[in-house]
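The values are calculated or read from the model by the stated rules, or taken from the named source; none is laboratory data. Just so we're clear, the structure is a prediction, and the values are computed from it rather than from any experiment. Here the Cβ positions follow ideal geometry from the backbone for every residue, glycine too, while neighbour counts run over all protein chains shown. Each accessible area value is taken on the protein alone, full model and side chains, heavy atoms only, with ligands, DNA and RNA left out. Shrake-Rupley method; radii C 1.70, N 1.55, O 1.52, S 1.80 Å.
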Amino acid sequence: MRANSVTKEPAIQSWWAENGVYEQIASREGANGETFTLHDGPPYANGDLHIGHALNKILKDFVCRYEALKGKRVRFVPGWDCHGLPIELKVLQSMDKEKRAELTPIKLRKKARNFALKTVDAQREQFKRYGVWADWEDPYLTLLPEYEGAQMEVFGQMFLNGHVYRGKKPVHWSPSSMTALAEAELEYPEGHVSTSVYVAFPINADDEAANFPAEHREKLKNASLAVWTTTPWTMPANAAVAVNDKLSYSLCEVTGVAATKEDAPSSDAAAMVGKTLIVATDLVSDVASRWGLTLAAVADVAGAQLEGLTYAHPFYPADGDRAFNPVVIGGEYITTESGTGLVHTAPGHGQEDYITGLKHGLPLISPVDDAGKFTEDAGDDLNGLAVLDAGNAACVEKLRDVGALIMTEAYGHKYPYDWRTKKPTIFRATEQWFASVEGFRDEALKALDGIEFIPASGAKRMRPMVSGRNDWCISRQRSWGVPIPCFYDVETREPLMDERTIKHVTEIVREKGTDAWWEMDLVDLLPEEYKDRADSLVRGTDTMDVWFDSGSSWAGVCKARGLNYPADMYLEGSDQHRGWFQSSLLTGVAAAGQAPYKTILTHGFVLDEKGYKMSKSLGNVIDPRLVIEGGKNQKQDPAFGADTLRLWVASTDYTSDVLIGMNVLKQTSDAYRKLRGTLRFLMGNIGDFAPEKDGVKYEDLPAFERYALRRTAAMVNEMERHYQNFAYSGATATLQSFTTFLSNVYLDVSKDRLYIESPNSPERRACQTVVAHVVESLLACVAPLTPHMAEEAYRELPYDTPEKSVFLAGWKTPPAEWHDGSHNGGISDADYAFWNSILAVRGEVNRALEIARGEKIIGASLEASAAVYASDASFAERLAAATDDLKRVTLVSEMTVVTDEAEISNACGGDGVGAVTELDVTALESDRSTAGAAEVIRGGAEGSGRVVVGVRRATGTKCARCWEYTTDAGSDERHPELCARCTPIVIAIDPELRAPVKAAEGVAA
């Protein structure tokens, strides 16, 4: 088992393919007919994979391989998201301006399709190299006709259930992409700064506002409403000013400017002197300081008393139809945390504004086109200007020119950006298709109650997102996607879409794909009932949100391919609480009445080992291919192999963000090599072992071997709990602890029997029996994490196995007697505790040996004689009965259990004679003291009472074969240097062998 992952791992993957191992698992009946479905969330087919992809797919493979080992039928169908703007942009970026201008929708679609398929092929090979098992030759792609047909069925069912409608309302709009966006398609980068403005809207003092107090009406002359906004470009769409009816508002006379030069106002603010401004009472002091003005409150009124007033829009003439707008009551979103407590309201450019507009019947004004530029409705002076650039600046200047501007201020805040183009978005009212979440929100929240979240905090994260979700804009203004199957009247734009049209188009799509929507004559897209209307109709150009694409995968994959539905698990990054998890929930509940999953498992993001987000500019990006294959300079970028990458995934606490870097990988590689080295050593000692012929029955095994099997059973059961709880870092910790026990204890102790005893002796065969059990148990336990190493080792087992593959052999559930003393020959809890105590004594002997070694009294442990005293009589009696076992595990040449503590001091005390250590279990002390030449070390361990250990140099002669010091060397003249144990073994192997005579190495008694 030599490690050479660069060549061995691909060879093992080829062997799996040639022998159809995954296919056997995916098609078998399964234990008790059990099946397991982990439904794959589709990555975008628009580039190379990164380390986050590796984390995600490897975690999924851990889950699936364990379930396969448990005998279930496991079929993992990988998927790719192939539609949408990311792919469309990649295509457009590869073309020059002239070629882009020549593109028709169908030409663009074909280019996008080819790009997506090429990327799928490249990503598929990278995923396979991670050692991930899946239906790689039959993945689901959202561009496949059968998938598109299933998606259209989901849309149709939601429409027929009354959950889809067309309306005009503000949505996130990307001028850079010229399409509507969903919340999941936005990001909020740090460092965004907006130009905010404070504006004075002059009140119409002639209003007969019934709510306003008559005693203060005179104060409205020359009064203005002071509003604050971070989007000056929305001023042309202003339709009202909203107030909070529960707040108090002050009418403040501007009596002067700040006294100090540092606080002096701008010329805009200074022009307000002599006017009256209305602001929330609690904000008077704050805005006065901010503006550099002195304000004197002359009256206080309730917010409800301002309702019904009107004000002049500063951009429009007094005799026009938009000259005066009302003051209306808003909602709880109006606070005194910032601004003035009065909110500029443009229903065409904000969600809260829109809701307020519906409540009060305000006009829906949105004079902005698809490119984010003002239309002529905004006025000739603004027409054609980009609202996020020159148009915004022009609005500020226009406010200044008419004397409405109080102040401009840079304002840093979170602002939505298009996650693909990395450019800012706007809110804009357009005609779109929406999923009415309001109509099924309660059902969605109820469905969430039955979902298991791992970690549990995921429920607290996702539930508020669903409960606070607005209607979902599911239409996009792009060509590369699944069309919304709607027809429109040429003259009235009245939509035509019903059960018959949806069913007819769906059947066409399932057979021909969605290109048919653009390629076929319109009359052929209509069912028979509507063909006579073909000349008066046009087909729609909107496509579905890509989150609707992937959110319909439960129908296009789980149900369509006969997998478990609902799926047993969805597993993705924590950002998918607002993405795929949510879109799948909404489509599932709205179309089929249930959540499409039983369990949601989430992982964090991958950061560099300093905790920084990876970026090309920082040069800290870790390419999984480089980790596996290495770079050109193998010293600088060594090839760690896929199993090391997988072991890194397993060792992380994936429930939060995880770190990776060269130091982390080297540590993981060390752990991998230790695990591999342990397996090599184990297997190296069963090369001549055949379980059927050489195996020892459990009840005939020596006590220490049965103890080792109980430790093995505990490890296997603990690993099973970790796998069942998806706690892979716990699994790696358990493996590390167990391999440490094997290396430092069991194998260290067993070398004597494995190497020295006769090849066929009961003692050696007993050791080999245990080693074989340990190997097979270990291989099953590590197989989900490091499958290449596990498979390689399983195939190298020196005896026949019932299955070709470790994954077909299944999980190794320990026999009951290994961990239950009530079964035949099983080691009892009391015996198990006693053996733990023996190992604690062993630890004390080792400490005494180190002291003696430091004083040059001994070298190797076999040069020592040890004596043990136990103050507890019953424990001492058991130790005495187990003297041979105690000698075996401590690796000394002589072992004596004494009944008088003085015997130890007499034999081992004194300079240059020996060393004494003491274990006080009851006191659990930890200190050192020196009494003459005898050093005492106190510590804690399992056992009873005080235990004192002494060591000194052994008497007798060193055997040339086993290196043990005995007094019976030379019992046979043919082998004068061998002890009485080794002599018959050597003679049995080669009766004619004669050893040359050397001077005996011994120590005087």
Just name the residue that is nearest to Leu251 (Cα to Cα) out of those in segment 284-301 that are open to solvent by 10 Å² or more (accessible area, probe 1.4 Å) and within 50 Å of the chain's Cα centre (by Cα).
Val284
Go through Ala371, Ala378, Ala435 for me and flag whichever is over 26 Å from Phe548 (Cα atoms) and either modelled with pLDDT under 90 or not assigned by the TED database to the domain that holds Ile600 (or both).
Ala378
Within 23 Å of Trp835 (Cβ to Cβ), touching a residue at least 60 places away in the same chain (Cβ under 8 Å), in the same structural domain as Thr769 (by the TED database) and among the basic types (Lys, Arg) - does that describe any residue in segment 706-714?
yes
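Of everything in segment 581-600 that's hydrophobic (A, V, I, L, M, F, W, C) and buried (at least 22 other Cβ atoms within 10 Å of the Cβ), which residue is nearest to the chain's Cα centre (by Cα)?
The selected residue is Ile600.
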Thr883 vs (1) buried (at least 18 other Cβ atoms within 10 Å of the Cβ); (2) more than 30 Å from Ser777 (Cβ to Cβ); (3) not small (Gly, Ala, Ser): all pass except (1)
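Conditions tested, residue by residue: (1) touching a strand residue (DSSP E or B) at 6+ places or on another chain (Cβ under 6 Å); (2) farther than 24 Å from Ala271 by Cβ; (3) of a type in the set (Phe, Trp, Tyr); (4) touching a residue at least 24 places away in the same chain (Cβ under 8 Å).
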| residue | (1), (2), (3), (4) |
| --- | --- |
| Ala299 | yes, no, no, yes |
| Gln305 | no, yes, no, yes |
| Pro314 | no, no, no, yes |
| Pro317 | no, no, no, no |
| Leu342 | yes, no, no, yes |
| Leu358 | no, yes, no, no |
| Ile365 | no, yes, no, yes |
Is it the case that some residue within segment 733-753 is assigned to a helix (DSSP H, G or I), in contact with a Ser or Thr (Cβ under 7 Å, 6 or more places away or on another chain), open to solvent by less than 20 Å² (accessible area, probe 1.4 Å) and not charged (D, E, K, R)?
yes
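Here's the yes/no breakdown for (1) in a loop (DSSP other than H, G, I, E, B); (2) modelled with pLDDT of 95 or more; (3) surrounded by fewer than 15 Cβ atoms within 10 Å (Cβ to Cβ):
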residue	(1), (2), (3)
Glu776	no, yes, no
His788	no, yes, no
Phe807	no, yes, no
His823	yes, no, yes
Gly826	yes, no, no
Ser837	no, no, no
Which of the residues that make up segment 852-874 are open to solvent by 20 Å² or more (accessible area, probe 1.4 Å) and either assigned to a helix (DSSP H, G or I) or not assigned by the TED database to the domain that holds Val951 (or both)?
Arg853, Gly854, Ser861, Leu862, Glu863, Ala873, Ser874
Please go through (1) open to solvent by 20 Å² or more (accessible area, probe 1.4 Å); (2) within 35 Å of the chain's Cα centre (by Cα) for Arg764 and return the number of the only condition it doesn't satisfy.
(2)
Are there any pairs, at least 6 apart or on different chains, whose C-beta atoms fall under 7 Å, with the first in segment 732-748 and farther than 12 Å from Thr712 by Cβ and the second hydroxyl-bearing (Ser, Thr, Tyr) and open to solvent by 50 Å² or more (accessible area, probe 1.4 Å), and if so, which?
Thr732/Ser651
Looking only at segment 724-757, count how many residues are farther than 30 Å from Thr602 by Cα and of a type in the set (A, V, I, L, M).
6
Among all residue pairs at least 6 apart or on different chains, which show Cβ distances below 7 Å where the first residue, located in segment 408-429, is closer than 30 Å to Ser267 by Cα and the second is at pLDDT below 90?
none
Taking segment 663-683 as the region of interest, how many residues are open to solvent by 60 Å² or more (accessible area, probe 1.4 Å) and of a type outside the set (Lys, Arg)?
4
Would you please name the residue that is surrounded by the most Cβ atoms within 10 Å (Cβ to Cβ), looking only at residues in segment 957-971 that are in contact (Cβ under 8 Å) with a residue 60 or more places away in the chain and among the hydrophobic types (A, V, I, L, M, F, W, C)?
Cys962
